Amino acid sequence: VEGGIVLRAKAQLKLDLIYRVSSGQLGRKEAQELLGVSQRTLERNLKQFRLLGVLSVCHGNRMKKPRNKTPEILKERVQALMKDKYFDFNMLHALEKIREETGLDLKRETFRKWCHEIGLVKRRQKRRTARARYYRQRMGIPGQMLLMDGSPHVWFGAEVSCLIAAIDDATGEVPYAEFFASESTLSCMKVLHKIVEKKGAFQLLYVDRAGIYGGIKRQGFSQVSRALGELDTHVIYANSPQAKGRVERLFKTLQDRLIPELRLNGIYNLREANAYLNDVFLPEQFHPRFTVKPREPGRTAYRLLHSSVDLQEGFVIKERRLVGLDQTISLNGQKFLIDERLRHSLHGQAIELRQHPEDGSWAAFFAGKPIRIIPIKVAQKIAA
């Protein structure tokens, strides 16, 4: 009320009882029982009422400015930063950035209150209650199991791109991740190639049942599982998204933190986004905050490969074709002629074809050695 004092219900009751005792309308014993105070406290309350009146039931700090109150100018500066620069950041991420920028130890609850005032707090998504899920203990040693998946999303710019990433189950480390136009066999193998090249061969890859990884449609076979099998790495399949929850939560975190960071740094193309992700964001922002110590420190399940292992030739598309009587093979509706001087016919023998991811070209190998093939131009029928 303007010009007056607004009291809570408890304070109003206390004031009414003290007034009635002071005016002789209520006995002191009854007032003590109703207020739940001792005789001495009631005497003190009566004395304060005679001196201060209504203000006797108000706290002594009422209407006083707290000593630790944050200056109003700082509040306006922080709210301006949120509106102009960090409007799409989550609250904790924005607080970290503002602390770095201003050098102030701003309290989380104070910052949350300021964000609520200007309506810039992301609400938690509510989902339907699903069936019971049970926690799976992390692996104890780095390199025992990696979880991998792709996340199509508008990560930067205006078009959808797919981020393919793997996370170590024991530590939460992301050894490598990359943006692609789409999730394909070649893009998945490129990510795995980079991981093995950087860390060594791991033991298990935990993925969903997509055909790329040899899911239901491929009946256990895929180019990815074949390439990993050559390194003695096995692929296992999850029966639900929740089963590989760590990689699912990874993408949730990246969508929440990486997207505004890319915008803030003015990154809107694939090449710059990949460079920033692996050179800056993962080592400087993600790993220091989100990785954990393994249960068995000092050990690793990553295996360094022998120098004779050519990863460049392992992580490619490989197909096998039988040679016909006329020394030709067929691939994707195109015929190729074996252009080599041969002492004996290769009829009925298997030729291995390898497609390299860089240019999509095919190379042929027989008994581990390269052989030259040339495409045949087939004459078209007039009727066709």
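Since every read-out is calculated from the coordinates, none of them should be taken as a lab result. Predicted model, so just to flag it, every value in this text is computed and none were measured. Backbone-built Cβ (ideal geometry, glycine too); neighbour counts: all protein chains shown.
Among 371, 333, 304, flag the residue with its Cα farthest along the positive direction of the charge dipole of the range 277-372, charges on Cβ as +1 for Lys/Arg and -1 for Asp/Glu.
So the residue we want is 304.
Quick check on the range 249-328: take the gyration tensor over C-alpha atoms, sort the square-rooted eigenvalues as a ≥ b ≥ c, and tell me if it's rounded (a/c under 1.5), prolate or oblate.
Cα axes put the range 249-328 in the oblate bin.
Any chance you could check the Cα centroid distance between the range 35-112 and the range 153-214 for me, in angstrom?
Value for the Cα centre distance between the two parts: 47 Å.
Nearest 10 degrees is fine. How inclined is helix 39-52 to the longest principal axis of the chain, computing both from alpha carbons?
Orientation of helix 39-52: about 80 degrees from the principal axis.
Please report the equivalent ellipsoid semi-axes of the chain, computed as sqrt(5 x eigenvalue) of the Cα gyration tensor, largest first, in whole Å.
72, 23, 19
Given points 7 Å out from each Cα along the Cα-Cβ axis, report the residue 38 to residue 318 separation in nanometres with one decimal.
So the two model labels end up 8.8 nm from each other.
Along the charge dipole of the range 10-132, which of 49, 103, 119 sits closest to the positive end, that is, farthest toward it, with unit charges on the beta carbon of Lys, Arg, Asp and Glu (+1, +1, -1, -1)?
Final value for the positive-end residue is 119.
Could you grab the relative contact order for the chain? Cα pairs under 8 Å, six or more apart, rounded to a whole percent.
12 percent
Which angle from 0 to 90°, rounded to the nearest 10, does the C-alpha axis of helix 91-102 make with the longest principal axis of the chain?
Here the helix axis deviates by roughly 80 degrees.
Identify the GluC sites (Glu not before Pro) of the range 138-227 meeting these criteria: DSSP loop state and at most 12 other C-beta atoms within 10 Å of the C-beta.
159
Any chance you could list P(r) for the range 54-195, counting all Cα-Cα pairs in 5 angstrom bins from zero, rounded to whole %?
2, 7, 11, 10, 10, 13, 15, 11, 8, 4, 3, 2, 2, 1, 0, 0
Once Lys and Arg get +1 and Asp and Glu get -1 on their Cβ, which of 205, 80, 283 lies farthest toward the positive end of the dipole of the chain?
80
Say we join alpha carbon atoms closer than 10 Å with springs in a Gaussian network model of the chain; which of 113, 85, 64 then has the biggest fluctuation?
In this elastic network of the chain, the residue with the biggest mean-square fluctuation among 113, 85, 64 is 64.
Please list 333-342, 140-149, 279-288, 14-23 highest first by mean number of surrounding beta-carbon atoms within 10 Å per residue.
Ranked by mean Cβ neighbours within 10 Å, highest first: 140-149, 14-23, 279-288, 333-342.
With +1 assigned to the C-beta of every Lys and Arg and -1 to the C-beta of every Asp and Glu, and no other charges, what is the dipole magnitude of the range 22-85 about the Cα centre in debye, to the nearest 20?
320 debye
Less than 13 Å Cβ to Cβ from residue 183, Lys/Arg counted +1 and Asp/Glu -1: what total charge do the surrounding residues give?
-2
How large is the charge dipole for the range 126-202, taken about the Cα centre, if only the Cβ atoms of Lys, Arg (+1) and Asp, Glu (-1) carry charge, to the nearest 20 debye?
For this selection, approximately 540 debye.
Counting Lys and Arg as +1 and Asp and Glu as -1, each charge on the Cβ, what is the dipole of the chain about the Cα centre in debye, to the nearest 20?
2200 debye
Using a basic spin-label model with each label point 7 Å from the Cα along Cα→Cβ, how many nm lie between residue 117 and residue 337?
Result: 8.2 nm between the two label points.
Under the 0.36 nm per residue contour assumption, what length would be gained going from the current alpha-carbon distance of residue 88 and residue 272 to full extension?
Length gained, residue 88 through residue 272: 64.2 nm.
Could you pull out every one of the lysines with an alpha carbon less than 16 Å from that of residue 377, ignoring same-chain neighbours closer than 8 positions?
Excluding near neighbours in sequence, the set is 335.
For the Cα atoms of the chain, what angle does the longest principal axis make with the long axis of helix 245-264, in degrees from 0 to 90, nearest 10?
Helix 245-264 sits at roughly 80 degrees to that axis.
Assign one of three labels to the range 261-384, namely rounded, prolate or oblate, based on the Cα gyration tensor with a ≥ b ≥ c the square roots of its eigenvalues; rounded applies when a/c is under 1.5, prolate when it is not and a/b is larger than b/c, and oblate otherwise.
The shape class here is oblate.
Helix-derived [θ] at 222 nm for the chain: sum -39500 (n - 2.57) over DSSP H runs of at least 4, divide by residue count, nearest 500?
Helices in the chain give a 222 nm mean residue ellipticity of -10000 deg cm²/dmol.
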